Amino acid sequence: MKIGIVCYPTYGGSGVLATELGKGLAKKGHQVHFITYRQPARLNSFQQNVFYHEVSNADYPLFEYAPYDTALASKLVDVVKHANLDILHVHYAIPHAAVAYMAKKILLTEGRYVPTITTLHGTDITLVGSNRAFAPVVEFSINKSDGVTAVSDSLKHQTLDFFKIKNDIKVIHNFIDFKRFQRKNKDHFKKAIAPDGERILVHTSNFRKVKRIQDVIQVFKQVHDVMPSKLLLIGDGPERQSMEVLCRELGLCDNIRFLGRQDAIEELLAVSDLFLMPSESESFGLAALEAMACEVPVVSSNAGGIPEVNIHGETGFLADVGDVDTMAKYAIQILSDDDLLSTFRINALKKAKQFSLDQILPQYENYYQHILDTCVYEGVR
Ligand code: GMT
């Protein structure tokens, strides 16, 4: 198949997942065309069957906001025609689903029909999409997609609750590539981070409010009060500065390291004992899955789709959003009991295997084929 993938090229979960999906499809012999405004973060080396088309936005003094949607739609029309794409798969509804619909309508005027699939990732529904400023377009463009997928059962149900959706939503969970994410021996890192054998807690995210990083720090404080420990904070974003201030106020600067964006996250996960994810809202929790693949148990909130990944009492523990005392209690329970920690490590890996690339990728391939076989639009196939 010739597949167009539209995504955000940043470090956000939707862009990471879209890029890994495209690379996986290309390895299986599909021709994959990424269409976005910057080289996706994880598309950092040459790969057979992978193409990248950059959308350049017109800069004109009249525009206070450059019209990216228009530039993207024009690029989609161009790439569909000239690369002869079979299908367009857009990740994150805003604005991609609406733009794909516009490109589809333009192509129809030339008698060319390209089916579009929209994958809902989370905040495109739960935070941004449900905002009145976007909701009518989000609802309309989901209904105009030929196929719709969501990354968890929870997100599917939230979408059906928020919007009047006429088409089926197929749940295809996030996935993990075990060739990359596995616990390798990185003892030299461990010694550098925790020279006296301290427990290592870790959190990775894009440091947005929804991640509740203040809870990560408050949980860590309670852990640190009772056992020698270190916290690694990986990623960057709007909350970073205020979180650095919080660390100073709590007198924890020597034990919390802000590592910024890291490409080889798996190497840091490989030396970690516990992953913290106290998110306010989380459609799936790809970062938690990455940790579990590296045999790191998770203490998390029970928001959204997290309970589909982190199983309470097996792979870690869940608590209500904002309940840092309970999260800290669970973290201490795991970290102070070697046997429990090693059982949870084994369980985390076992659960993560349910979401391996090998299991999930064929679900996307089958879904593409199903849409190609069944969609008919205004009499044009
Ligand atoms: O907020 C993020 O973490 C980024 C966001 C995105 O859309 O880029 O991630 C969402 O998509 C991921 C991949 O499907 C999911 O694993 C995350 O749970 C989801 N984030 C939220 O729902 C907050």
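Read-outs throughout are calculated quantities, based only on the coordinates presented, and are distinct from any laboratory measurement. Please read these numbers as outputs of a predicted model, since none were measured by experiment. Heads up, the Cβs are rebuilt from the backbone with ideal geometry, glycines too, and the neighbour counts pull from every protein chain shown.
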Q.
Could you tell me how far the Cα centroid of the range 175-241 sits from the Cα centroid of the range 33-61, in Å?
A. 31
Q. What is the sum of charges around SER154, taking Lys and Arg as +1, Asp and Glu as -1, for the other residues whose C-beta is under 13 Å from the C-beta of SER154?
A. -3
Q. Most mobile of TYR113, TYR60, TYR11 per a Gaussian network model of the chain (Cα springs, under 10 Å)?
A. TYR60
Q. Distances over 18 Å make up what percent of all Cα-Cα pairs in the range 250-331?
A. 44
Q. Can you tell me the Rg and the Dmax, both Å, for the Cα atoms in the range 307-379?
A. 19.7, 65
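So for the range 218-274, what are the equivalent ellipsoid semi-axes in whole Å, largest first, each being the square root of 5 times an eigenvalue of the Cα gyration tensor? Intermediate values should be presented prior to the final figure.
Values: eigenvalues 73, 56, 11 Å².
Result for the range 218-274: semi-axes of 19, 17, 7 Å.
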Q: Let me know the charge dipole size of the range 187-355 about its Cα centre in debye, to the nearest 20, where only the beta-carbon of Lys, Arg (+1) and Asp, Glu (-1) is charged.
A: 260
Q: Using the charge dipole of the chain (Lys, Arg: +1 at Cβ; Asp, Glu: -1 at Cβ; taken about the Cα centre), state which of ILE193, ALA41, VAL6 has its Cα farthest towards the positive end.
A: VAL6
**Q.** Rel. contact order, % - alpha carbon contacts under 8 angstrom, at least six apart, the chain
**A.** 13
**Q.** Whole-number D in µm² s⁻¹ for the range 187-355, Kirkwood Cα-pair radius fed into Stokes-Einstein, 37 °C, 0.692 mPa s
**A.** 213
**Q.** Percent of alpha-carbon pairs separated by more than 17 Å within the range 1-94
**A.** 48
**Q.** Relative contact order [Cα under 8 Å, 6+ residues apart], the range 282-381, whole percent
**A.** 27
Q: Choose one of SER130, VAL99, TYR65: the residue whose Cα lies farthest towards the positive end of the charge dipole of the chain (beta-carbon charges +1 Lys, Arg; -1 Asp, Glu; about the Cα centre).
A: VAL99
(Q) From zero outward in steps of 20 Å, how is the percent of C-alpha pairs of the chain spread across the bins? (A) 28, 54, 17, 1
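Place a +1 charge on the Cβ of each Lys and Arg in the range 297-381 and a -1 charge on the Cβ of each Asp and Glu, then give the dipole magnitude about the Cα centre in debye, rounded to the nearest 20.
Charge dipole of the range 297-381: 180 debye, to the nearest 20.
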Q. Using modelled amide H (1.01 Å from N, peptide plane; none on Pro or chain starts), what sits under 5 Å from the amide H of ALA150, excluding residues fewer than 5 places away?
A. LEU120, LYS170, VAL171, ILE172
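Would you mind working out the magnitude of the charge dipole of the chain relative to its Cα centre, with +1 at each Lys and Arg C-beta and -1 at each Asp and Glu C-beta, to the nearest 20 Debye?
Working: 41 positive and 45 negative charges, 184 e Å.
Result for the chain is approximately 880 debye, rounded to the nearest 20.
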Q) Within a Cβ distance under 13 Å of GLY237, other residues only, what is the Lys/Arg minus Asp/Glu net charge? A) +3
